[in-house]
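What follows is one structure encoded as structure tokens, with my remarks underneath.
Nothing in this text is a laboratory measurement; each read-out follows from the coordinates by a stated rule. Predicted model only: the values in this text are computed from it and were never measured. Don't worry about glycine lacking a Cβ; one is built from the backbone with ideal geometry, like all the others, and counts go over all protein chains shown.
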Amino acid sequence: TSERLNVTATLDLAEIHGRTAVPVEYRKGRPRRRDPGRSHQPVDDMMEAPPPSPGPEPWPTDRIQVGLQVLLLEEAGYTVPEAYLYYAAERLKLRLPVDDALRRDALAELEKAKRTAEGQRPPPLVNDPRCPRCSLQPVCLPDEINHQRRTALTVKGRPVDEDKLTPRKIWPPRDDGIHVVLQREGVRVGVRGQSVRITDYDGKVVRDLPLTGIESLAVLGGVQVSTQALCVFAEQEIPVAFLSAGGRLRAMMDPLGPTSAAVRAAQVRVLDRPEKALELARAVTLAKITNQRTLLMRNHVDLSKRVAADLHDCIAAAERARTLNELRGHEGNAAAIYFKHFAGMFKEQAREIAARFDVHGRRRRPPPDPINAVLSFGYSMLSNECTVACRLASLEPTLAALHTTRPGRPAMALDLMEPFRPLIADSVAVSAFNRGELTAGHFLDTAAGCALTDAGRKAFFSAYGRRMDTEITHPVFEYRLSYRRMLMLHARLIAAWMLGEIPTLAFLTTR
């Protein structure tokens, strides 16, 4: 860290011998190669050989990063004669000479970066070829934001540049990271080198997981996480959620790295305006009722046209609502219709369990039957996922539109999850019982309500994880993402809307 330069750096490796240091920066990709086909100088093939093809060289951004590391090491009293960049895709180690030009370029780019940080957030680039390889693309969302902006600009009712609006498929469909959920009483989590070690209550190693592959950690009940592990997770910006044995979110360790004060300030300003709060609440409510209607029409064994029409009327009424309370009333009417016919989506082998739900209807605390227990557990896990998505998008989870703010309530996460309740949690409940993954033997009926057994929770997490990895096509952007990626995308879009970068919100609906 340099107070003079106002820069902090984490070095992958520094080979230190006495007061001499050689930084080595690791990169996953490939080095830069210039086009060897053209030279600006004419060449007489009869008099001289053509110039050799240029070899690999560091990318400009990599060179500047190493240059800043050199400046920090030199300020700390080390002599830095050279530096290296290792490109893992080609297993190639490139030497970078340390000279005045490198120091000058690094300082110049540092000053540019400071001026940019002090100014307004720059607009996203349009069709830039660098975007697919940029690590900030999921934050910037260049194609999605430009798509939403341009479709809002019309000439005679048609979008401007209509043929150029489809976003490129830049996001990988799945993050392919490891989302760890631990529920066994007495399990301990620690860190050993670059591995996360999970041990049983008697100290026996259950599993070692690569630290770099972990995306999130959720612990239920009496699982212990060491202080050292929490510090490492914070440094790696890995969110850790602490839930009750029943899946209720109690607390979350919030890494400060990705937090943007600009987004949170905009969130406060926007949601303080009643018309903007109503706009967000209406968008999530319309998507939720639409998805509830679709799920019933797809899975109900004998759904009457009247029920589908009633839900359609709820959608139309929600579109006309002029206040938040009026909108909440229409959302409640739709939920009553939906859950009145929810048991009709279960097949013959689950009819006895469905009959119990039919008697009780939707009840949360305590859940009186297996279906209510799975719905409550699924909503709790989905709330955790949405809280993580809000944190990564720099949204304040406790400040929202549709759900009122109360101490300890992740209201924005609940707003975000509304369109996904039927698509994820409800769908998991229906499919798990219909496939026989969950049966009556996976539940315990107690004075405190109906609860999943350890085997039942394990079966639930299997079905839930499979659903979160399922890919679906976004109806507006026309590319496929997993449901977990969809949550991240929509949290980022809400943040972009708060900042005024996009004029409208497009939540996921299915047909």
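Points to keep in mind about this one:
- Evaluated at q = 0.09, 0.13, 0.14 Å⁻¹: base-10 log I(q)/I(0), Debye formula over Cα of the range 363-511: -0.31, -0.63, -0.72
- Relative to the dominant Cα principal axis of the chain, helix 261-271 is inclined by about 30°.
- Listed residue (374, 329, 463) projecting farthest to the positive dipole end of the chain, Cβ model: 329
- Charge dipole of the chain (Cα centre as origin; +1 on each Lys and Arg Cβ, -1 on each Asp and Glu Cβ, all else neutral): 1440 debye, rounded to the nearest 20.
- Estimated translational diffusion coefficient (Stokes-Einstein, Kirkwood radius over Cα pairs, 25 °C, 0.890 mPa s) of the range 178-253: 200 µm² per second.
- If the segment from residue 347 to residue 127 were pulled out straight at 0.36 nm per residue, it would be longer than the present Cα-Cα gap by 74.4 nm.
- Estimated FRET transfer efficiency when R0 is 51 angstrom, pair residue 275-residue 104 (beta carbons, to 0.05): 0.50
- Residues in the range 478-503 reached by a label modelled at residue 120 [backbone nitrogen below 16 Å; 7 Å Cα→Cβ]: 496-503
- Label zone at residue 264 (point 7 Å along Cα-to-Cβ), backbone N below 16 Å, the range 231-254: 252-254
- For the range 261-370, applying the loop criterion from DSSP together with a ceiling of 13 other beta carbons within 10 Å to the trypsin sites (Lys or Arg not before Pro) yields 322, 364.
- Counted by neighbouring Cβ atoms within 10 Å, the residues 505, 438, 209 run from fewest to most as 209, 505, 438.
- Computed lengthening from residue 185 to residue 466, 0.36 nm per intervening residue step minus Cα-Cα distance: 98.8 nm
- Gap separating the Cα centres of the range 434-475 and the range 346-388, nearest whole Å: 9 Å
- Förster-model FRET efficiency, 51 Å R0, residue 111 and residue 458, C-beta, rounded to 0.05: 0.40
- Net length available on complete extension from residue 76 to residue 404 is 113.0 nm, with 0.36 nm assigned per residue and the Cα-Cα distance removed.
- Nonlocal Lys pairs with alpha-carbon distance under 28 Å, the range 261-498 (8 or more apart, or different chains): 8
- Per-residue Cβ neighbour rank within 10 angstrom, fewest leading, 253, 417, 345: 253, 345, 417
- Note on the chain: helix-only mean residue ellipticity at 222 nm, from DSSP H runs of 4+ residues weighted -39500 (n - 2.57) and normalised by residue number, equals -13000 deg cm²/dmol.
- Mean silhouette area of the chain, derived from the convex hull of its C-alpha atoms and averaged over all directions, reads 32.6 nm².
- Residue 326 paired with residue 150, simple spin-label distance in nm, labels 7 Å along Cα-to-beta-carbon: 3.7 nm
- Label-point separation in nm, residue 206 to residue 511, each point 7 Å along Cα→Cβ: 4.4 nm
- Relative contact order, whole percent, for the chain stands at 12, derived from Cα pairs under 8 Å and 6 or more residues apart.
- Summing Cβ point charges (Lys, Arg +1; Asp, Glu -1) relative to the Cα centre of the range 178-253 gives a dipole of roughly 180 debye.
- Cβ-Cβ FRET estimate between residue 244 and residue 17, R0 fixed at 56 Å, reported to 0.05: 0.60
- Ranked by how many other Cβ atoms sit within 10 Å of their own Cβ, fewest first, the residues 70, 191 fall in the order 191, 70.
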